[in-house]
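*Asks:* One structure, as structure tokens, below. Some questions next.
The values are calculated or read from the model by the stated rules, or taken from the named source; none is laboratory data. Nothing here was measured: the structure is a model prediction, and the numbers come from that model. Here Cβ is always computed from backbone atoms with ideal geometry, including for glycine, and neighbour counts include all displayed protein chains. Each accessible area value is taken on the protein alone, full model and side chains, heavy atoms only, with ligands, DNA and RNA left out. Shrake-Rupley method; radii C 1.70, N 1.55, O 1.52, S 1.80 Å.
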Amino acid sequence: MTSTAQAASPARSPTRSIALLAVAGFAAQAQVRVTDSLLPQIATDFHTTIGAAAMVVTAYAVAHGTIQLIIGPVADRFGKYRTVATMCAIGMVLVALCGTAVTLHELALVRLTTGAAAGWIIPISMAYVGDVTPYQLRQPILARYLTGQILGQLSGQAVGGILGDLVGWRNVFFVLAGVFALATVGLVFELITNPLTRARRQPHETTRGFVADYAAVLRSHFARVVIIAAFIEGALVWGAFAYIGAHLHARFGLSFTLIGLTVGCFGLGGLMFAALVKLLVYGLGQFGLAVAGGFLIAAAYVGLAVTPVWWLAPLATMAIGLGFYMLHNTLQTNATQMTPEARGTAVAVFSSAIFVGQTAGVGVGSLSIDRTGAVPLFLGAAAAIPVLAIWFARQLRHRPVA
């Protein structure tokens, strides 16, 4: 069925189905980033250092990233929407279990399994958006879908810090489990009422199997470029960002509430991007959007490293959010089109590269945070991210025709 035919029938309109996927993305992203604000509190509760407690971040990222190496072919075969709904239900149970952990290693283990379930939700949702929207309109639509993810990130960081102060870090996970439950109900309802969500395979998608899907992705030069860029972006941006809360607590003695609000300003930058996406995309083009985003991130990390007052930190984290989504949304849009014949696999590999990169970045950061603090991490990211943005922007001329 063509996109025109889909749009002509209200029962088959993709708008509601994408909105509900955004709710699921909200739940998934909220619990991904919640430990950013809670990390100092978790370390205190388990009588350990920030560097040691960072294993809960690393464990999640390892599972989230590696599980995505298999999710694409599975979702392509059994249905993208059905797959997201199933994993959202499983995530509900596992997120609740995080709040019951009695040791740091037990929490890390549960976060590992949570990542293995929640890691399906956002990349498969993006692949579904790629299936039901034409490429020419996709970047703004993906940005609108990402509003749920951005709000989830803001809630996980800001509200997580506030609730952590009020009711403790354990109850934060119980609240997030309730959000997963609401998302699951909405997705199941859409599966029952909208036939478009039950389509298993698009006509252009390959039927050659798991190995052939990966071969289709990896033999594409442009796909390899996007995947490498995603890995480096994840390592640089999140490898430094994970320690902003710890830096503000150590340098300025901020409460967990203020840390959560400050770190959560990243989400405000993302919402700013979503509001301005059409103006930015059509004004700067993908080349300009990527480069400007990279330089904005770099300036913000330098600001975090040198600012003598804490109240400039919210502005810096908001700038990181805006710059990140300028660069990242450009990567995402190209990821949905780099291998259309195996779209689910392509987007899953792309997302996996991000989280594997994040794992590497946070892991490297944990080796130095207790010795040298976060400033070297911020300055290193500031030096490298513009180089990445310029390199990727130059590669855009080799992208396949949509």
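Residue-by-condition table, conditions (1) out of contact with any Gly (no Cβ under 7 Å at 6 or more places or on another chain); (2) closer than 14 Å to Phe355 by Cβ; (3) aliphatic (A, V, I, L, M):
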| position | (1), (2), (3) |
| --- | --- |
| Leu69 | yes, yes, yes |
| Tyr81 | yes, no, no |
| Val93 | yes, no, yes |
| Leu104 | yes, no, yes |
| Leu112 | yes, yes, yes |
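*Asks:* Provide a single number: the residues in region 302-312 that are in a helix (DSSP H, G or I) and open to solvent by less than 50 Å² (accessible area, probe 1.4 Å).
*Replies:* So the count comes out to 3.
*Asks:* Continuing with this model, one more query. Does region 314-326 contain any residue that is buried (at least 18 other Cβ atoms within 10 Å of the Cβ) and of a type in the set (S, T, N, Q)?
*Replies:* Yes, that holds for at least one residue.
*Asks:* Residues of region 335-352 being crowded, with 24+ Cβ neighbours inside 10 Å, assigned to a helix (DSSP H, G or I) and modelled with pLDDT under 85, which ones?
*Replies:* Matches in region 335-352: Ala335, Ala342, Arg343, Gly344, Thr345, Ala346, Val347, Ala348, Val349, Ser351, Ser352.
*Asks:* Looking at Gly72, is it of a type outside the set (A, V, I, L, M, F, W, C), crowded, with 23+ Cβ neighbours inside 10 Å and out of contact with any Cys (no Cβ under 6 Å at 6 or more places or on another chain)?
*Replies:* Yes: the conditions hold for Gly72.
*Asks:* Cβ-Cβ under 8 Å, sequence separation 6+ or interchain: first residue in region 273-294 and exposed (fewer than 14 other Cβ atoms within 10 Å of the Cβ), partner part of a helix (DSSP H, G or I). Which pairs?
*Replies:* Going by the 8 Å Cβ cut-off, the qualifying pairs are Lys278/Pro140.
*Asks:* Next question, about the same structure. With open to solvent by 40 Å² or more (accessible area, probe 1.4 Å) and either out of contact with any Cys (no Cβ under 9 Å at 6 or more places or on another chain) or in a helix (DSSP H, G or I) (or both) as the only criterion, which of Leu146, Leu137, Leu142 stands out?
*Replies:* Of Leu146, Leu137, Leu142, the one residue that is open to solvent by 40 Å² or more (accessible area, probe 1.4 Å) and either out of contact with any Cys (no Cβ under 9 Å at 6 or more places or on another chain) or in a helix (DSSP H, G or I) (or both) is Leu137.
*Asks:* Now for a separate question. Give me the pairs: first residue in region 165-181 and open to solvent by 30 Å² or more (accessible area, probe 1.4 Å), second residue part of a helix (DSSP H, G or I) and not aliphatic (A, V, I, L, M), beta-carbon distance under 6 Å, and six or more apart or on different chains, which are they?
*Replies:* Every condition considered, the pairs that remain are Asp165/Phe256; Asp165/Thr257.
*Asks:* Yes or no: region 317-328 includes at least one residue that is assigned to a helix (DSSP H, G or I), within 24 Å of Gly260 (Cβ to Cβ), touching a Cys at 6+ places or on another chain (Cβ under 8 Å) and of a type in the set (A, V, I, L, M).
*Replies:* Yes: one or more hits.
*Asks:* What number goes with the only condition from (1) open to solvent by 30 Å² or more (accessible area, probe 1.4 Å); (2) of a type in the set (S, T, N, Q); (3) modelled with pLDDT of 85 or more that Ser255 does not pass?
*Replies:* (3)
*Asks:* Kindly indicate whether any position in region 232-250 is modelled with pLDDT of 85 or more, closer than 21 Å to Ser368 by Cβ, open to solvent by 60 Å² or more (accessible area, probe 1.4 Å) and not aliphatic (A, V, I, L, M).
*Replies:* No, region 232-250 contains no residue that is modelled with pLDDT of 85 or more, closer than 21 Å to Ser368 by Cβ, open to solvent by 60 Å² or more (accessible area, probe 1.4 Å) and not aliphatic (A, V, I, L, M).
*Asks:* Same structure again: Mind telling me which of the residues Ala19, Ala53, Ala24, Ala43 ends up being among the small types (Gly, Ala, Ser), under 15 Å from Thr197 (Cβ atoms) and over 16 Å from the mean Cα position of the chain (by Cα)?
*Replies:* Matching residue, one of Ala19, Ala53, Ala24, Ala43: Ala19.
*Asks:* May I ask you to say which residue of Ala381, Ala299 is touching a residue at least 24 places away in the same chain (Cβ under 8 Å), open to solvent by 40 Å² or more (accessible area, probe 1.4 Å) and under 26 Å from Ala274 (Cα atoms)?
*Replies:* Just one listed residue meets the conditions, Ala299.
*Asks:* Considering (1) in a helix (DSSP H, G or I); (2) at pLDDT 80 or above; (3) open to solvent by 30 Å² or more (accessible area, probe 1.4 Å), say which one Thr58 fails and leave the rest.
*Replies:* For Thr58, the failing item is (2).
*Asks:* Right, something else. Say we look at region 65-120 and pick out the residues that are of a type in the set (S, T, N, Q) and outside any helix (DSSP H, G or I); which of these is nearest to the chain's Cα centre (by Cα)?
*Replies:* Taking the candidates together, the pick is Thr100.
*Asks:* Regarding region 112-128, can at least one residue be identified that is in contact (Cβ under 8 Å) with a residue 12 or more places away in the chain and out of contact with any helix residue (DSSP H, G or I) (no Cβ under 7 Å at 6 or more places or on another chain)?
*Replies:* Within region 112-128, none of the residues are in contact (Cβ under 8 Å) with a residue 12 or more places away in the chain and out of contact with any helix residue (DSSP H, G or I) (no Cβ under 7 Å at 6 or more places or on another chain).
*Asks:* On to the next question. Can you give me the number of residues within region 106-120 that are farther than 14 Å from Val62 by Cβ and either open to solvent by 10 Å² or more (accessible area, probe 1.4 Å) or of a type outside the set (A, V, I, L, M, F, W, C) (or both)?
*Replies:* Of the residues in that region, 2 qualify.
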